[in-house]
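Enquirer: For reference, the structure I am asking about is given below.
The values are calculated or read from the model by the stated rules, or taken from the named source; none is laboratory data. As the structure is a prediction and not an experimental result, all values here were calculated from the model. When we count neighbours, we look across all protein chains shown, and the Cβ atoms used for this are built from the backbone with ideal geometry, even at glycine. Just the protein is used for accessible areas: all its heavy atoms, side chains included, with ligands, DNA and RNA removed. Shrake-Rupley method; radii C 1.70, N 1.55, O 1.52, S 1.80 Å.
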Amino acid sequence: MKTLAEKQQDYARLLLKEGLNLQKGQLLAIDCPVDQAWFARICAHLAYEMGCREVVMNWSDDLLAREKYLYAADAVFDSVHSWTADFFEKVSSEGAAWLAIHAADPENLKDCDPERIHRAQIASGKALEGFRKRETNNEFPWCVCSIPTESWARRVFPELDTAAAMEKLWETILTTAYVDDGDAVANWHAHIEELHRRTEVLNSYRLKTLHYTNSLGTDLTVELPEGHFWAGGAEKCVTSGVLFSANIPSEEVFTLPVKTGVNGVVYASKPLSLHGNLIEGFGFELKEGKIIRAFAQKGEDVLQKAISVDEGASYLGEVALVPYDSPISNSGILFYNTLFDENAACHFAFGEAYPCIRGAEEMSKETLRQRGMNESITHVDFMIGTADLTITGTTADGREVAVFVNGNFAF
């Protein structure tokens with residue numbers, strides 16, 4: 001039986017080898033909170049063992065971020081320091097591997113001015129547009145992962161003391177990443193193969209539309225672009241050709257909708273932690289792709305700001321399928337962390353679309369727009385999957401295909 005410390009080492013190694021497929025001589029950038037520096041140091045040490053050229057850090061701090069939103073001069077929320085933008089631009093343009101260690105308090109910005117958060121998001125989106133586009137287009141390998149923080153662990157397991165909550169959250173994270181007493185890399189490979197099998201089936205259908213219904217009230221029809229494809233598991237870096245896993249954990253297969261081809265109403269099945277605030281009991285009504293009504297029992301002001309950062313933020317950019325019968329969902333845990341909660345349920349994202357159109361790398365922006373791809377400086381996943389979700393597809397030749405029955409794949 002491996003110790004927790006040994007499993008943490010396995011997890012770090014998995015992130016570098018399978019998450020990023022780090023190459024000898026490659027630059028590695030790591031996003032990490034300062035209070036989790038110990039894990040970043042493990043990753044850096046293993047990266048150097050693998051022949052990494054250099055590890056560069058981008059540190060963050062929840063407490064200082066909160067202080068800034070509460071007390072900083074108002075004008076600072078309309079711009080991004082040039083050295084921050086230069087860091088993201090230079091490192092991504094050099095093709096560095098990028099590891100984002102997400103370890104945040106889900107309510108860190110509770111009671112902070114949502115207008116300041118909104119303006120900062122717009123400023124950041126504009127300043128880092130080049131970086132985000134390269135990331136979306138897979139021009140460099142990137143991987144998002146999470147490790148526990150005390151505030152997050154207490155939120156997930158309020159019945160436990162802090163030490164016990166931290167231990168349980170660690171165990172849960174490692175399980176969802178298929179890091180157990182076996183070979184973590186081999187386990188991950190087997191999981192990726194199953195995701196690839198699902199994408200092959202979906203791609204063989206050549207679907208034109210998807211129709212979603214469930215008992216929450218979701219009744220939504222989504223048009224898919226001609227020539228779209230489903231992706232999931234390992235993705236290919238378009239500049240180097242190496243395979244990488246952008247999210248660990250990951251249970252989803254995904255594609256993009258036609259920007260103006262979504263109609264109906266959709267209800268979220270889980271809360272959304274967004275910009276340090278929780279949004280609960282929410283949903284959207286869409287007409288010709290545009291969100292014409294957004295509603296929430298809690299955090300509606302934050303939600304309204306999120307879908308208005310630019311024109312594309314009020315349209316959907318991602319369609320993702322996740323079976324209800326999957327490890328994260330079966331844990332019964334609400335993580336208050338999108339990386340995990342989105343991999344427990346089918347979800348959509350409003351904002352920027354991934355270019356899941358065959359031949360997209362050879363197409364101009366205008367051609368991609370004509371094919372239905374949405375553009376935005378934001379991309380926010382929200383969960384809609386339930387145990388009774390039904391998804392019926394219609395193929396290009398008019399046949400109906402059962403895609404989901406009772407919350408799970410029909411194949």
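Enquirer: Which ³J(HN,Hα) values in Hz, rounded to whole numbers, follow from the phi angles of region 375-389 under the Karplus curve 6.51 cos²θ - 1.76 cosθ + 1.60, where θ = phi - 60° and Gly and Pro get x?
Expert: With the stated coefficients, region 375-389 comes to 10, 6, 8, 10, 7, 10, 7, 9, 8, 10, x, 9, 5, 10, 5 Hz.
Enquirer: What spacing in nm lies between the two simple spin-label points modelled at L243 and D113, each 7 Å away from Cα in the Cβ direction?
Expert: So the two model labels end up 5.0 nm from each other.
Enquirer: Length gain on complete extension for the stretch T136 to R369, per 0.36 nm per residue less the alpha carbon to alpha carbon distance?
Expert: Stretched fully, the T136-R369 segment lengthens by 82.4 nm.
Enquirer: Then there's this: Would you give the gap between the C-alpha center of region 56-130 and the C-alpha center of region 155-206, rounded to a whole Å?
Expert: Using only Cα atoms to place each centre, the spacing works out to 28 Å.
Enquirer: Here is a further query. Using protein chains only and a probe of 1.4 angstrom, how many square angstrom of M57 are accessible, to the nearest 10?
Expert: Its heavy atoms expose roughly 60 Å² to the probe.
Enquirer: Ignoring everything except DSSP H segments at least 4 long, calculate the 222 nm mean residue ellipticity for the chain; use -39,500 (n - 2.57) per segment, divide by total residues, nearest 500.
Expert: -9500 deg cm²/dmol
Enquirer: For the pair D180/A73, report the inter-label distance in nm, with labels modelled 7 Å from Cα in the Cβ direction.
Expert: So the label points at D180 and A73 sit 5.6 nm apart.
Enquirer: In terms of solvent-accessible area of protein heavy atoms at a 1.4 angstrom probe, what is the ranking of F295, F284, highest value first?
Expert: F295, F284
Enquirer: To the nearest 0.05, how large is the calculated FRET efficiency for E200 and K236 if R₀ is 22 Å and r is the Cβ-Cβ distance?
Expert: E between E200 and K236, to the nearest 0.05, is 0.90.
Enquirer: Let me ask something else. Using θ = phi - 60° and the Karplus relation 6.51 cos²θ - 1.76 cosθ + 1.60, list the HN-Hα couplings for region 17-24 in order, rounded to whole Hz, with x at every Gly or Pro.
Expert: 7, 9, x, 10, 6, 4, 9, 4
Enquirer: For the chain, modelled as a GNM with alpha-carbon contacts under 10 angstrom, which of D74, D325, D62 fluctuates the most?
Expert: Its mean-square fluctuation being the largest, the pick is D74.
Enquirer: Could you give the length gained by full extension between A396 and S82, i.e. 0.36 nm per residue of separation minus their alpha carbon distance, to one decimal place?
Expert: Working it through step by step, the gained length comes to 108.2 nm.
Enquirer: Using the charge dipole of the chain (Lys, Arg: +1 at Cβ; Asp, Glu: -1 at Cβ; taken about the Cα centre), state which of G95, A306, G51 has its Cα farthest towards the positive end.
Expert: It is G95, whose Cα lies furthest towards the positive end.
Enquirer: As I understand it, the dipole of the chain uses +1 on the Cβ of Lys and Arg and -1 on the Cβ of Asp and Glu, about the Cα centre. Which of S215, T175, G372 lies farthest toward its positive end?
Expert: Checking the options against the dipole of the chain, the answer is G372.
Enquirer: Separate question: Tell me, what is the Rg over Rh of region 53-207, with Rh the Kirkwood radius over Cα pairs?
Expert: 1.03
Enquirer: With unit charges on the beta carbon (Lys/Arg positive, Asp/Glu negative), name the residue among P271, L20, V401 whose Cα is farthest towards the positive pole of the charge dipole of the chain.
Expert: V401
Enquirer: Which entry in (1) 55, 51, 49; (2) 105, 45, 38; (3) 58, 56, 46 matches Cα extents along the principal axes in Å derived from the coordinates of this structure?
Expert: (1)
Enquirer: What full-extension length gain, to one decimal in nm, is calculated for E89 and Y48 as 0.36 nm per residue of separation minus the Cα-Cα distance?
Expert: 12.4 nm
Enquirer: If you take the square roots of the eigenvalues of the alpha-carbon gyration tensor of region 256-342 and sort them as a ≥ b ≥ c, do you get rounded (a/c under 1.5), prolate (a/b over b/c) or oblate?
Expert: The shape class here is oblate.
Enquirer: Once the other residues with Cβ under 15 Å from the Cβ of R358 are scored (Lys, Arg +1; Asp, Glu -1), what is the net sum?
Expert: -2
Enquirer: For region 293-411, just say rounded, prolate or oblate: build the C-alpha gyration tensor, square-root its eigenvalues into a ≥ b ≥ c, call rounded for a/c under 1.5, and beyond that prolate if a/b exceeds b/c, oblate if not.
Expert: Taking the square roots of the gyration eigenvalues as a ≥ b ≥ c, region 293-411 is oblate.
Enquirer: Could I ask something else about it? To the nearest 20 Debye, how big is the dipole of region 119-246 about its Cα centre, given +1 on the beta carbon of each Lys and Arg and -1 on that of each Asp and Glu?
Expert: Once rounded to the nearest 20, the dipole reads 700 debye.
Enquirer: Quick one: compute the contact order of the chain, relative version, from alpha carbon pairs under 8 angstrom and 6+ residues apart, as a percent.
Expert: Reported as a whole number, the value is 15 percent.
Enquirer: Check which residues have an amide H placed less than 5 Å from H379's amide H, if you skip close sequence neighbours.
Expert: Answer set, sorted by chain and number: E352.
Enquirer: Would you grab the residues whose amide H sits under 5 Å from the one on V401? Only those 5+ places off in sequence or on another chain, please, with H modelled 1.01 Å from N.
Expert: G393, T394, T395
Enquirer: Using modelled amide H (1.01 Å from N, peptide plane; none on Pro or chain starts), what sits under 5 Å from the amide H of Q26, excluding residues fewer than 5 places away?
Expert: The list, which skips near neighbours in sequence, is R53.
Enquirer: Ranked highest first by the average count of other Cβ atoms within 10 Å around their residues, in what order do 63-69, 397-403, 386-392 fall?
Expert: Going from most to least packed, we get 386-392, 63-69, 397-403.
Enquirer: Mind giving me the FRET efficiency for M1 and D35? R0 is 30 Å, r the Cβ-Cβ distance, nearest 0.05 is fine.
Expert: Plugging the Cβ-Cβ distance into 1/(1 + (r/R0)^6) gives 0.55.
Enquirer: For the ranges 311-320, 153-162, what's the packing order if you count other beta-carbon atoms within 10 Å of each residue, average per peptide, and put the highest first?
Expert: 311-320, 153-162
Enquirer: Output ³J(HN,Hα) for region 268-278: one whole-Hz value per residue in order, computed from phi by the Karplus curve 6.51 cos²θ - 1.76 cosθ + 1.60 with θ = phi - 60°, and x for Gly and Pro.
Expert: Once θ is set to phi - 60°, the couplings for region 268-278 become 5, 9, 9, x, 10, 8, 9, 6, x, 10, 9 Hz.
Enquirer: Please state the shape class of region 352-411: rounded when a/c is under 1.5, otherwise prolate if a/b exceeds b/c and oblate if not, all from the C-alpha gyration tensor.
Expert: Oblate is the answer for region 352-411, as a/c is 1.5 or above yet b/c matches or exceeds a/b.
Enquirer: Note down the magnitude of the dipole of the chain about its Cα centre, charges +1 on Lys and Arg C-beta and -1 on Asp and Glu C-beta and zero elsewhere, to the nearest 20 debye.
Expert: Roughly 660 debye for the chain.
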